[in-house]
Amino acid sequence: MKNSNENRNPRILDTSALVHDPKSLLAYKDDIYICLTVLEELDNLKERTDKNVSQDARAVIRMLEDIINGHTSEEMEKGIELPSTESAKRGKLFIGIDTQIDFADELKHAIGSDADNRIINYALYMQKELGQKVTIVSRDINMRLKARTIGVDAEDVLVDNQISDVDLLYTGVQSFEGDLFDRLESDEDFKLSGEVYKFPASFFNEEVQANMYWYDAVGHIGLVTEVAEGSVYTKLLPRQQDKIWGISPKNPRQSVALSQLTDPFYDLNIILGPAGSGKTFLAIAAGLHQVLETKIYKKIVVVRSRDFMDDDPGFLPGDLTEKSLPLLAGVTDALISMHADDSNDEKSTRATVEHIIDRANIEFTSMAYFRGRSIDDAVLIIDEAQNMTRAQMKGMLSRGGKNCRTIVLGNLAQIDDRFVTPASSGASAAVNIFRNYEKGSVLIFDEVERSSLAEFTEKNM
């Protein structure tokens, strides 16, 4: 049997595969087929007394709804384009009607699960319709054996089925090998004025738009200011950036992030990426810089997605800040890391951090108390945004008031809310909607800087 990564057959997804991992919908480069029998089984499973199974079934249904919402039955039969990026091309999703298909001779007298037989029969039918092999994806070993026995390829769910932010969303940045300027045939007309240059649009990917950044292997970093008439107009950024709160970028995307986070033009920065890429660290450094050094803002407000917006933080001892601190350990860890001195005196470092929190007027709070608030003269940092629903994200982004910079941080690979999927996450919605916001920036990291262990874990688990 072919290796799953090399198998380019269209996939017929079984109910067990989807319930085991809803991300199977987005795991393949080729077309995906789901028949009505699978949808009926999902509908039955959502009412199961086993909460884990019923919640997983509901997650699949919700993800399917996010993809097919707004499409007609004819469009579903012809195929709906699955979300693709430059780094992750995908095929189409087809919803097929299998209930009217006559059983193949091989299955007319088959015993066992009627639903399994109908799904296998649908796969046989699609092989004839498409004129090529298809592959059933199922967790059911016996179903896979039955399918292979009658001539249909079958495989288990991918073990390493991990959907990253870069694979699913607009990244806000493009990298080039070598020197981008070497691709120009002539240097007579490409420089327009100051640091603004004009490049052929063919140099860039199809996602190029205003407020997108780029960098090349020799250190050039640019901001796209306009895309028009087959040309991309771009402004070069300084090669050597000033340190921000004593922090220097470790890679080109961190350079882009610090530029975005400190550019006074933006009032919304969305930064996603793997754990250990520096999202929270850079956001806190930029916030401290603009509160204590440039004094553009008066305070930093940090909120982390925990549960639902209407949830109360509970009756643990202490005030709201003390209840919220355990949830915001990533922020306090970042503060400790950037203020640790060579003496490794933990008590001195913690005293420094407490002093910084007090000077910068850093407020740690809960989503539960954000309804109705208006945040003025502040840097608002929304951490762990991948677990937020679209409605919660709307509620949070509408809190920004006069002179407020909102920073959204998250990592789709770390969604741990059963009711949120990569397609339905508020973080995904924010990228897709606010990539077109004139005063907003989007950036997705693709490197881990925390440690070799963190990098290996992010790539392989």
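Of all residues in the range 33-79, those satisfying the criterion of being at pLDDT 90 or above and β-branched (Val, Ile, Thr) are ILE34, THR37, VAL38. Give the range 408-439 a look and list any residue that's assigned to a helix (DSSP H, G or I) and open to solvent by 40 Å² or more (accessible area, probe 1.4 Å), or say none. If the condition is that a residue be assigned to a helix (DSSP H, G or I) and open to solvent by 40 Å² or more (accessible area, probe 1.4 Å), then GLN414, ASN432, ILE433, PHE434 are the ones that fit. Of all residues assigned to the range 7-27, at least one qualifies as being farther than 20 Å from LEU124 by Cβ, of a type in the set (A, V, I, L, M, F, W, C) and in a loop (DSSP other than H, G, I, E, B).
In the range 372-382, the qualifying residues are those that are buried (at least 21 other Cβ atoms within 10 Å of the Cβ) and out of contact with any Phe, Trp or Tyr (no Cβ under 6 Å at 6 or more places or on another chain), and the one that is farthest from PRO274 (Cα to Cα) is ILE375. Restricting attention to the range 1-32 and to residues that are within 26 Å of PHE419 (Cβ to Cβ) and basic (Lys, Arg), the residue that is modelled with the highest pLDDT turns out to be ARG11. The sole residue among GLN127, GLN100, GLN132 that is polar (S, T, N, Q) and either touching a helix residue (DSSP H, G or I) at 6+ places or on another chain (Cβ under 6 Å) or in contact (Cβ under 8 Å) with a residue 60 or more places away in the chain (or both) is GLN132.
Residues that are at pLDDT 85 or above and of a type in the set (S, T, N, Q) within the range 439-461 comprise just one, SER441. Can you name every residue in the range 358-371 that is in a loop (DSSP other than H, G, I, E, B) and open to solvent by 70 Å² or more (accessible area, probe 1.4 Å)? Hits for the range 358-371 are ASN361, ARG371. Tell me, please, whether a residue that is closer than 30 Å to GLY426 by Cβ, among the hydroxyl-bearing types (Ser, Thr, Tyr) and assigned to a helix (DSSP H, G or I) can be found in the range 62-85. Yes - at least one qualifying residue is present in the range 62-85.
Once the range 125-159 is narrowed to residues that are of a type in the set (Ser, Thr, Tyr) and surrounded by 20 or more Cβ atoms within 10 Å (Cβ to Cβ), the residue that is farthest from PHE94 (Cα to Cα) is SER138. The criterion of being open to solvent by less than 50 Å² (accessible area, probe 1.4 Å), of a type in the set (Ser, Thr, Tyr) and modelled with pLDDT of 90 or more holds for THR171. Checking each residue of the range 77-88 against the condition of being of a type outside the set (A, V, I, L, M), farther than 30 Å from PHE176 by Cα and open to solvent by less than 30 Å² (accessible area, probe 1.4 Å) gives at least one match. Candidates GLU47, GLU74, GLU41, GLU81: the one that is of a type in the set (D, E, K, R) and in contact (Cβ under 8 Å) with a residue 60 or more places away in the chain is GLU41. Kindly establish whether LEU93 is under 19 Å from MET126 (Cα atoms), in contact with a Leu (Cβ under 6 Å, 6 or more places away or on another chain), open to solvent by less than 80 Å² (accessible area, probe 1.4 Å) and outside any loop (DSSP other than H, G, I, E, B). In short, yes.
Count of the range 387-407 residues, restricted to those that are surrounded by fewer than 18 Cβ atoms within 10 Å (Cβ to Cβ), touching a residue at least 40 places away in the same chain (Cβ under 8 Å) and of a type in the set (D, E, K, R), is 0. Test ARG183 against the criterion of being modelled with pLDDT under 90 and not acidic (Asp, Glu), and give yes or no. Criteria met by ARG183. Restricting LEU325, LEU316 to residues that are surrounded by fewer than 17 Cβ atoms within 10 Å (Cβ to Cβ), in a loop (DSSP other than H, G, I, E, B) and at pLDDT below 95 narrows the list to LEU316. Just one residue in the set GLY230, GLY219, GLY246 is touching a residue at least 60 places away in the same chain (Cβ under 8 Å) and either touching a helix residue (DSSP H, G or I) at 6+ places or on another chain (Cβ under 8 Å) or surrounded by fewer than 19 Cβ atoms within 10 Å (Cβ to Cβ) (or both); that residue is GLY246. Considering only the range 84-97, state which residues are closer than 23 Å to SER16 by Cα and either free of Cβ contacts under 8 Å to residues at least 24 places away in the same chain or not aromatic (Phe, Trp, Tyr) (or both). Listed by number, the residues that qualify are ARG90, GLY91, LYS92, LEU93, ILE95, GLY96, ILE97. Scanning the range 186-233 for residues that are on the phi > 0 side of the Ramachandran plot and at pLDDT 90 or above returns ASN211, GLY219.
The values are calculated or read from the model by the stated rules, or taken from the named source; none is laboratory data. Everything numeric here is computed off the predicted structure, so don't read it as measured data. Glycine also receives a Cβ, built like all others from the backbone with ideal geometry; neighbour counts cover every protein chain displayed. When the accessible area is computed, the model is the full protein with side chains, heavy atoms only, and any ligands, DNA or RNA have been set aside. Shrake-Rupley method; radii C 1.70, N 1.55, O 1.52, S 1.80 Å.
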